[in-house]
Amino acid sequence: MKALRLVLESFYFAAAALKTNLLRTILSLAGVTVGIFVIITVFTLVDSLEKSVKESFNFIGSDNLYVEKWPWGFSGNYPWWKYINRPQPTYEEYKFLESNLDFCKAITIISFADNVTTKKGSNSCRGNLQGVSYSHKNVYDIPIEKGRYFTELEADNASNVIVLGSKIAENLFKNEDPIKKRISIKGLKYFVVGVIKKEGESFIGNTSNDENMFMPIKSFKKIFFSNSYDGAYTFFAAKAKQEDIGMTELEGELRGLLRQKRTLKPQQEDNFAINRPEALASFFASIFSVLTIAGWVIGSFSILVGGFGIANIMFVSVKERTHIIGIQKSLGAKNYFILCQFLFESIFLSTIGGMTGLFLVYLITFIPIGSLSLQLTIGNALVGILVSSIIGIVSGIIPAFNASRLDPVIAIRTQ
């Protein structure tokens, strides 16, 4: 209890010293404040970017595999000549895979064309047209706000029906109800059977369904032949079952069945690519790691300057209060009491500077930056406080130790 009382007394002495030398205290805070501000700002930006990017790529699906002619990633020289002549996935291959896959929860075929003009009377707009299978809704979330999704019978019969994104519906119909109305695409009429719930634009652009249009793939083939020469591109998306950890079983099935369907010999390499969402996740993770390191490096310079500033102030404080230290020790103050007194003062200086930096970061989070939403997390705040506390300990330990080792007779004679 006595030791605790002495520590608390040293705490009060340190607080009183900081209050007495207010201007010097404020100047000492500047370096640490700037350093913590820079580091935590970078961390906040990186975390917010990572969260926004992950949310933007939710449409890909973490448990989906993608079969297409082009791989997402490559190493070394990109052998584009190997891929450009590969066949695109076909509807017949899709039906074959759908009938034979065991570790697949659902599989869909997607043919899409960008910037397709859609007309309704005198109104027109451009959007992304996708021809998909009926099972598409089992692979991706298609939240219908009005109407319905097209039926399996409509898909099999190549009915001219279409589901519109919210922005497409708004541009074409304004305040009119689009359900059961006709629109025109490349001279063909399509009945609107559903409108998708508005999702809004993500950080990396329009990855939502707001500007998408969905129709049965057989209907899509009436206006596009699903090859790279008429602007359409086709691929498969397969959702793995939950028990297929790592999607290894599904990947093996897809590769084996598609090689069988395309009658590839054992010595022939795949003429298709199976892409995983992890490829994109790894790419962005490497970018975020570089940004984090850059934040540490830039902020460390400011923290280093702040640390030297605090150490210098503490040496000055020890010299100014040498006489008081002599009196305290002559009255029975222990060495650890003197050490804690100056060490706490250094930690307070650094921690207050760090918290000021955190407060500035918090204020930044209220500044609108497009679709990026900044958020200061508890983890980053704790990192800021911990780093500033460590800087305070490192900067103050030597001055505090020197103060605690002063001879009371010599110290009390110092004026």
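The values are calculated or read from the model by the stated rules, or taken from the named source; none is laboratory data. Computed from a prediction, not measured in an experiment: that's the story for all the values here. Ideal geometry is used to build each Cβ from the backbone, glycine not excepted, and the neighbour counts take in all protein chains shown. Heavy atoms of the whole protein, side chains included, go into the accessibility calculation; ligands, DNA and RNA do not. Shrake-Rupley method; radii C 1.70, N 1.55, O 1.52, S 1.80 Å.
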- State which residue is modelled with the lowest pLDDT when the search covers only region 271-286 and only residues that are assigned to a loop (DSSP other than H, G, I, E, B) and buried (at least 16 other Cβ atoms within 10 Å of the Cβ). ARG276
- Query: Of PHE57, PHE96, PHE74, PHE103, which residue is touching a helix residue (DSSP H, G or I) at 6+ places or on another chain (Cβ under 8 Å), open to solvent by 40 Å² or more (accessible area, probe 1.4 Å) and modelled with pLDDT under 75?
  - Reply: PHE57
- Note on the structure: Per the filter on region 108-136, residues modelled with pLDDT of 90 or more, open to solvent by 10 Å² or more (accessible area, probe 1.4 Å) and not in a strand (DSSP E or B) are TYR134, SER135
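Quick check on region 140-152. Is at least one of its residues part of a strand (DSSP E or B), open to solvent by less than 40 Å² (accessible area, probe 1.4 Å), touching a Lys or Arg at 6+ places or on another chain (Cβ under 9 Å) and modelled with pLDDT of 90 or more?
Checking region 140-152: not a single residue is part of a strand (DSSP E or B), open to solvent by less than 40 Å² (accessible area, probe 1.4 Å), touching a Lys or Arg at 6+ places or on another chain (Cβ under 9 Å) and modelled with pLDDT of 90 or more.
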- Qualifying positions in region 189-199 - open to solvent by 60 Å² or more (accessible area, probe 1.4 Å) and not in a loop (DSSP other than H, G, I, E, B): LYS189, PHE191
- Query: Which one of ILE364, ILE369, ILE385, ILE393 is closer than 24 Å to VAL297 by Cβ and free of Cβ contacts under 8 Å to residues at least 24 places away in the same chain?
  - Reply: ILE369
- Take region 203-219 and flag every residue that is within 16 Å of ASN128 (Cα to Cα), surrounded by 15 or more Cβ atoms within 10 Å (Cβ to Cβ), at pLDDT below 90 and not acidic (Asp, Glu). ASN206, THR207, SER208, ASN209
